[in-house]
Each structure stands twice: as structure tokens, then as C-alpha cells.
Amino acid sequence: MDLTRRGFIKLSGAGLAASSLGALGFGFAGDALAASVRPFKLSATSETRNTCTYCSVACGILIYSLGDRAKNARSDIIHIEGDPDHPVNRGTLCPKGSALLDIVHAPTRLKVPKYRAPGSSEFKPVSWDFALDRIATLMKQDRDANFIARNAAGTTVNRWTSTGMLAASAASTETAYLTWKVARAFGMLVFDNQARV
Amino acid sequence: MTNTWQDIKNANVVVVMGGNAAEAHPCGFKWVIEAKIENHAKLVVVDPRFTRTASVADLYAPIRPGTDIAFLSGLIRYLLEKDAIQHEYVRAYTNASLIVQEGFGFEDGLFTGYKADARAYDKSTWDYELDEAGFARIDDTWQHPRCVINLLRKHVDRYTPETVSRICGTPRDKYLQVCDLFATTAAPDKALTSLFALGWTQHSIGAQNIRTMAMVQLLLGNIGVAGGGMNALRGHSNIQGLTDVGLLSAQMPGYLTLPKDSEPGFEDYMRTRQFKPLRPGQTSYWQNYRKFMVSFQKAIYGDAARADNDWAYDWLPKLDNDGYDIIRAFEMMTNGQMNGYICQGFNPLQAFPDKGKNRKALGKLKFLVVMDPLDTETSRFWENFGPQNPSDPASIQTEVFQLPTTCFAEENGSLVNSARWLQWHWKAADAPDQAQSDIWIMSGIFHRMREMYRKDGGAFPDPILNLAWNYTDPTNPDPEELAKDMNGRALADIKDATGAVTLRAGQLLDGFAQLRDDGTTSSGCWIFSGCYTEKGNQMARRDATDPREQGIAPNWAWSWPANRRILYNRASADPAGHAWNPQKPIIEWNGTRWAGIDVPDYTPTTKPSDAVGPFIMNAEGVGRLFARDQLAEGPFPEHYEPFESPVPNLLHPKVQSNPAARVFADDRAAFGTAPDFPYVATTYRLTEHFHFWTKHALINAILQPEEFIEIGEVLAKEKGIDQGGWVRLTSKRGVVVCKAYVTKRIRPLMVDGRPTHVIGVPLHWGFTGQARKGYGANTLTPAVGDANTQTPEFKAFLVNVERTSPPVA
């Protein structure tokens, strides 16, 4: 049955009419209420299956966004709720997961690359090319200057310990794998994640 | 977790100790409530605070922070004394019967082989007595004085209920009630599940906290069964995945380990890893290590990893210590030994101990790169935010890059949950403005580096120039391509024993059983092999059907290893192959093979009469009550006080704290003592907040807007502190000024006859986001970690508290 919200309320009204409430004279309330209700907001959205970004229960969530994913139509996330089909959370979310929409749209989300020069008291917006070129240059300078090919005993060790990296705990496993490849190909040993805190 | 979240409902007793699942994992905790309602389970909570988990418990026992090993060792003593263990399980499935070497001993707080100058052990005596064939000697009758069960009995003998109560501050009657409830699950058809989290890991003895409980579970026969297991409730959405993929200093994907300086060649490396069976006929699955390792090198170096260059073994960096963990990294920064640091979705200024040290250390870097969806404190460490982050930007020469990244809602990929499920998720919208994925950023840095090495040369460019990068869009590899890399492929036609081709070259592997050590297969993470096969993306499966409603859901997403949901499930059946609990079997022997609702953790056709142990990853085939050389501070757990403790170690005052823990001199100088800092503090999370992230979300910032501490009514009265009044909380390392919440939930504990007060320090505030500015709990905490994992001791340290006046607005 294809039931709109407005239709549902009309039906409920009909149900009421047949009940004791109807007998008391409230039977027309349903029609009046239905006329005042707008179409269900989520009916015009796209639904995407995702996983809560916080703890390791990994509750299933449904993300609703405006936009039909056509070219040049920009999606805008307007609602997030628990996925009732998920075998662990069965539609529920906790006080953190219930507020996921607020973290997606947090005013402190970063939007452009920024750079702070030595001794400066402010960040300045920069281009991605400036940021990545500069980072790669600094990393190569440090690696070339401090890479240890052999230890004191002459054993090949091929390590780089003067630059380190911490990896993200909410990034995907695929991101993790690519990050591992890159960090270790450089010879990095000071390399860790958030498993301990 | 050895088991699944839903499987908790099968437990007869649920023990929450070292965690607070009702507040930290609310939607998983519903399965505890399900166990209580549907299975009449009893919930036991042991915690310094009367938490929300405790509020629905059948039995709550308070404990002094950092004394869990004493509590649980006493429990082991109780179970052995009352003979409340599952005999057949312990005899067949643990190393209780194996005989330990003659030289092994324990005296005055130290095991044999201690080297005080190195703060480490020579572990050569921590092993079994071997026979001529190299197998461990055994005494099934348990008469031999050096068989493990008798050594264990002797080791825990000191932990009488009186001693436990004096150390832990737990009232004796409560303690014995807990012991009684544990003992009920020694019955073969009864199960107890252990749910724990950072409350056990964040101690200088964290690994041994967990190990002690694992020993209890082995003695009770609760590992491998429905409603049982050791269930670590991981913190972050994919910290299990990042651990599985080996993003830890000494790790490689799939729990392979990086080589050390002492292993100059590939064969030296392999020698210490392909564990030969220690008992006749055992599986000892790590014998396949070479297949995993060669296939891994093929995955990341492709054709450049060849037999004649030892599969590019030299291209892996070698370790000259136990690992460059974060505490060591900040020590190195402090000493000027580091120039660059990249923080990807990680906020160490708030997250790691001794914030003042962290801030100074970051200021010694030449460059700091922060990749994050949010404006983190770490990226702004150089900026002056007043008392919460005092800084002088002009004096800090660090170049800082703040790079905006996508968040969960804006990317495809898999996350590994606490129950080892790889669940795929899909992108719902584009990232705001110029934000990019971590994959795009890491690729961008890599390509620029590779181009410079190609053009200009430089230090050892080989691994950079030869890193396999066969992606459709090299600047932004598709997560599905990366998942296929980890799953692995056949690089040549793969034939079975009869010579029939089972996989053609280029096809995706069905699982890790197909891996070869001759370079004809690749797999970037062997334990994930099977997650993305020729049948498609198994992680995206959404069939929630659940045979017998037993909490397995075998076709929902995909679980490592081999889609197995309950680890060690062979132990759910007795040696003859019948389920210990006939109401809730997992796998059983049907006369020709092992079958049931889960993938067997065992060779499916191995007969029960072959007596192959259920713990196939261990060389003995059985669970370890005696850990051999696997842990830093001993093969049996021992109670050591936290590095900051209000009392001397009652058992051996000369060995106060973990003798094998690494402590840097400047960190040791920053430890406080009880005369100056008389109260025990412990940090924790609130249910309304997640780490330092949700203070950026408006609703959460409204729900818990400002920093506070919790203190008990008795201490509040003693110190003249009012409900909601301002206090000054100090440790040797720093000061936090915030409000006090005076509560009945924390009460003084009688520790060795003296009242001991515990102060609770929630950790969620900082100086960015929408909540009010705060100092952060790590302003106070000591920089010392567990001797095995270097997990910092956030759960037990010393503070002082005074009432103070409100800060000037």
C-alpha cells in the first residue's frame, strides 16, 4: 500500500470515528489535521546506508540527503537515524549517534587548507598545491638528511625516525591500508594509531 | 571481541569490569539487558564508581583503581580452592597439565631472570620442559609439582579474601558474593561473558589485567562458547580495523610483525615466527606465516618482490627497540630528535598524557601536518587560548598545515567493529567546500615525493619508486580497489592437489587457505582474505537472518577471519565433539565433519579422536594459563601498584610498581607522591560525549557544556566543596580549574584500614568547538604506559583538590 502521511492521518481519523472518540464527536478532527500537514519531508530525499562514526558497536544508520544525485545537483544531508534492519542496534542510537547530523554540519568543520608560518600568530588559507608541495618538500628534506640505511653494526635497517605519523581511528580500513603502504614505503617507524586512548 | 554483540544475550552471568558499557556503548549494552530479561542472566559490575551500568546490576562491588589483578587473582584462588572449575575443559583445552622448566620461580615480587638495570627480564626460564622430540612434557594427573595448574595454585595462594579486601578496598562480603556468582558458570552448560574496555587497558599493568580475566574464563570453560568469551569493547568506529591493518609502530597488516635489527636476513626473520607445534599433532597455524608474508610483499611491491631479492625484505624498515609508540614519540620530540609529525584524524595534544609536555614537544617540530574534518586543538597548539592553552606564537617556529578532510558521511569504505565485522558504508554527500578524503591527500603527498625521488634521487628511493599503485585513478584510488588488494589475488593459475585449476591468474582469492609462499598469490592483509571475492563485496551483505536467533547473523557483512563469528568455537564442544551446552551449540562433530551455525575455528574434517587442540594459533593447541614469554612482566599476572599510588605494595614493598614498565627520566621526575597528592583520580567518558569530537556538535555541547569533576560527599564535606562549586584539581604535572559535581556514586574505600578517596575526571573538553573552554584531563595524567602496549596509565594517578573562587570571566 502506498500510503502518504496525509493519507495515513485521514485513515486514522476514520478509525477514530468508529471508536469511542468518534462517538464523543471527535471524528472530524482527522480531516482537519490532515489538511494542515505538509508532505513527509523525507519522501523527497535519497537514502544512504552508513555506519555511526563513534564507537565500535558500529550501529547501522540511514542518512537522508536532498538531491537526486544527478550531475551538478549537490547533495545536502538533512536527517540521520538508526537503521532498523541492523542486527546489533535495530534502529536505536545513543545520545552521540542521535546527534550525528550536528557533527556533519559542525561550524568548526574544516573547509579549506590552511598554513601557519613559523612565528606567525594566524592561519592563512592556501591552495592544495601549495600545501602538498610544501609538505612533500619538507618531508623529503628531512628523510634525505636523517634516513638510516645501516646501523652501527652494518646491518641494513632502512628506517626513518625523525618524522612520524598518527593514523585516524574513524577512517575506513581501505584508507588505513593505503596509509600503511605510503608510511612504510618511506621507512617510517614512528607510526601509531589511537588504539590506546 | 571473541564473540558478537548479540551473543551477549546468551550469557548466564555478565561481568562488566574495566568498562562502563551502558554509557560508553549504549546500543551494544542493550544485549546485556536482553540477557537479563530473556536468559535471566545476572549482571555483575566491579568499578570504582557506581556507574549507570552498575545501576542496573544485580551485584555491584567497588574497587580501588589499579587493583584488578589482586581482585581477579583472589578469584582464581577461590575457584581452585572450591574446585569450581570446568575440569574436562581445563584438562583438554588449557596448558594446566604441561610441565614448566625447573629454573622458573617467583620471589618477592619478581620472576626469575630480572635485570634491574634494563628494567626487563631474561625470559629463558619462562617455558615448558621439553622432551627429546622438542615437545612439552605433560602430566595429565596434575601430580607433578611443576605442572602449570600447581604453579598457578601456588602463585595465587597469597591472594586470600582478606588480602584482596585490604588491597582493593572491596568489602569482603561483596567480594565473596562476586566469587560465588563466577563459580556458578563452571558448569559445562553455563557461560559468563567479560565485557571490558579502557578501564582495564589504561594501566601500567593493562595487558595483565585482561590476561588474568582470560585465565578465569579458561578455568570456567567460558571461551569459545555461546554467551562467553573475552569481549574487548573497542573505542572508536574503526580502531579494530586500524589495528588489524597494523597501523602500530611494530606491526604489519594481519598481525605480522616488522623485522628487528637482530634479524638481518629474511630467513633470520622467518626463524622466530613459524612456530613449530609444541605438542604432537597440533595445528600451530602460524606455521603458514611465510605464505602470509610473501603474499603481503607481493601485494605492496608487485613484480619488484621476487624470490631472488628475498621478496624485497630489506625494503621494510627494521626496529631497534620494542616500538616507537606515542609516549616515545613525544619524548623524542622533547629531546629534539624529531622534525616532522603528521596527525591524521588524531588529536594527541588532548589525547595523550601530560598535555604540558605535549605542547612544548610539538613546538620543537619543524613541521606539523594535521588532516582532520574538525578544527582540533593539536592543529592550534601554538595559539594562545589563555590558561587552557598558554602559548607564545612568536616563539614557536613550527610550520603548521591544517588540511580539511571528509567525514564518514562523505566516503565509501569498510569499518571493522568490535566483533570483527567488516561493514561497508556508502557516501551520502560531497565534502564541504575544498575538503578531500585521506586517500586523496596521502596519494597527493606520495606522488609528489615519488616524483622528486625519480627526478632528483635521494636517500634509498627503491621502496618509494617500486610501491605497487595499480589503481584506475592513481590520484584517488577507489576504496573497492583497495579492498580487493587486501583480499588478495591469484598471480598465476592456482591448482589443487589433483592438479585441477581452482583459480585463474588475476582472480580474487576465496580465502587465506589459498595463499602460497612462492610468489603466485598476493594479499595485503591475510586475515581479510575472503572479504571481497569473485562473488563480490562480502562486506556489503545485508542478510540479517540468524539461525535459531542465536546472535550469529552469518550473512550480515563479513567477519574476519573467514567469516567466523565466534573465535575458538571448537571449544564450544567437548573433546568428543558434543556441545557443552546442548541448548546453544555452535559447531559439533556430525560423524564426518564439524558443522553448525558458524564457520568452524578448526580444520573441518579433523576427527575428535585426533586430539587436536581448539586453540589452533597456539603452538601447544591449548589456552595458556602460563603465558611463556609472551608478556613483558611475567608468565603469571602479579599485582603491582600504579606508578602513582596512595599505598605501598602490600605483597612486596620493594617491588612497588610494574618492574618491566619503561619510564623516561623526565616522566619519572614528574610523578607525584601521596603526601602532596593524597587522592586517587581516574579518567572516564560521559554518555553524551565522544572523546574531543562531540564538543563540536551543538546538541552534545548543550547536553554537557562544561568541564567538571566528580567527588564523593564525604570528601566534599571534608574540603568544604559545594555542589557545583569551583575547584582547583592538581597533579604533579598540571592544574585544572572547573566545577565539582558532588555525588553519592563515589564513596571512600577502606584500603588497608584507611579511607581512600577517588575523584572522577571526565575528559571531553578542550579549547575548540562549541562547548565551553576546558583544560582536558590529560593536563593531569602521568606519561607512563603498560609494559607491553605502552597504553598510558589514565585510570589511576594521584591528585589534590581544593575549593577555589570562580575564574574572572
Those residues of the range A:66-104 that are in a helix (DSSP H, G or I), surrounded by fewer than 20 Cβ atoms within 10 Å (Cβ to Cβ) and at the interface with chain B (Cβ under 7 Å from one of its Cβ atoms) come to a total of 1
Being facing chain B (nearest Cβ under 7 Å), under 30 Å from B:Asn335 (Cβ atoms), buried (at least 20 other Cβ atoms within 10 Å of the Cβ) and not acidic (Asp, Glu) narrows it down to one residue among A:Arg109, A:Arg116; which is it? A:Arg116
State all residues of the range B:654-678 that are outside any helix (DSSP H, G or I), surrounded by 13 or more Cβ atoms within 10 Å (Cβ to Cβ) and charged (D, E, K, R); if no residue qualifies, say none. B:Arg662
Report, by residue number, each residue of the range B:317-345 that is part of a helix (DSSP H, G or I), in contact (Cβ under 8 Å) with a residue 12 or more places away in the chain and not charged (D, E, K, R). B:Ile326, B:Ile327, B:Ala329, B:Phe330, B:Met333, B:Thr334
Of the residues that make up the range A:25-42, is at least one within 7 Å of chain B (Cβ to nearest Cβ), exposed (fewer than 14 other Cβ atoms within 10 Å of the Cβ) and at pLDDT below 95? no
Kindly evaluate B:Phe381 against the criterion of being of a type outside the set (Gly, Ala, Ser), within 26 Å of A:Ile135 (Cβ to Cβ), more than 7 Å from chain A (Cβ to nearest Cβ) and in contact (Cβ under 8 Å) with a residue 24 or more places away in the chain. yes
Sort out for me the helices (runs of 4 or more DSSP H) sitting completely within the range B:125-216 that have 2 or more residues that are modelled with pLDDT under 95 and within 17 Å of B:Val622 (Cβ to Cβ). none
Please determine whether any residue of the range B:710-733 is part of a strand (DSSP E or B), among the β-branched types (Val, Ile, Thr) and in contact with a helix residue (DSSP H, G or I) (Cβ under 6 Å, 6 or more places away or on another chain). no
Here are B:Phe643, B:Phe636, B:Phe626: which of them is in contact with a Pro (Cβ under 7 Å, 6 or more places away or on another chain) and under 20 Å from B:Ile76 (Cβ atoms)? B:Phe626
Kindly evaluate B:Ala595 against the criterion of being surrounded by fewer than 23 Cβ atoms within 10 Å (Cβ to Cβ) and within 16 Å of B:Tyr93 (Cα to Cα). no
Which ones in the range B:388-420 are touching a residue at least 60 places away in the same chain (Cβ under 8 Å) and under 28 Å from B:Met332 (Cβ atoms)? B:Gln388, B:Asn389, B:Thr405
Looking at B:Arg570, B:Arg565 in this structure, which one is part of a loop (DSSP other than H, G, I, E, B) and either buried (at least 16 other Cβ atoms within 10 Å of the Cβ) or more than 14 Å from chain A (Cβ to nearest Cβ) (or both)? B:Arg565
Right, B:Leu242: surrounded by 24 or more Cβ atoms within 10 Å (Cβ to Cβ), at pLDDT 95 or above, facing chain A (nearest Cβ under 8 Å) and in a helix (DSSP H, G or I) or not? yes
Criterion (over 30 Å from the mean Cα position of the chain (by Cα), part of a loop (DSSP other than H, G, I, E, B) and more than 7 Å from chain A (Cβ to nearest Cβ)) met by exactly one of B:Ala419, B:Ala431: B:Ala431
Answer with yes or no whether A:Tyr54 is facing chain B (nearest Cβ under 9 Å), within 30 Å of B:Leu374 (Cα to Cα), at pLDDT 95 or above and touching a helix residue (DSSP H, G or I) at 6+ places or on another chain (Cβ under 6 Å). no
The condition of being part of a helix (DSSP H, G or I), at pLDDT 95 or above, within 8 Å of chain A (Cβ to nearest Cβ) and more than 29 Å from A:Val57 (Cα to Cα) holds, among B:Asp268, B:Asp310, B:Asp314, B:Asp303, only for B:Asp314
Looking at the range B:64-84, is at least one residue surrounded by fewer than 24 Cβ atoms within 10 Å (Cβ to Cβ), modelled with pLDDT of 95 or more and acidic (Asp, Glu)? yes
Have a look at A:Ala167, A:Ala136 and point out the one that is hydrophobic (A, V, I, L, M, F, W, C) and surrounded by fewer than 20 Cβ atoms within 10 Å (Cβ to Cβ). A:Ala136
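The values are calculated or read from the model by the stated rules, or taken from the named source; none is laboratory data. Fair warning: this is a prediction, and the values are worked out from it, not measured in the lab. As a convention, Cβ positions derive from the backbone with ideal geometry for all residues, glycine included, and neighbour counts pool all protein chains shown.
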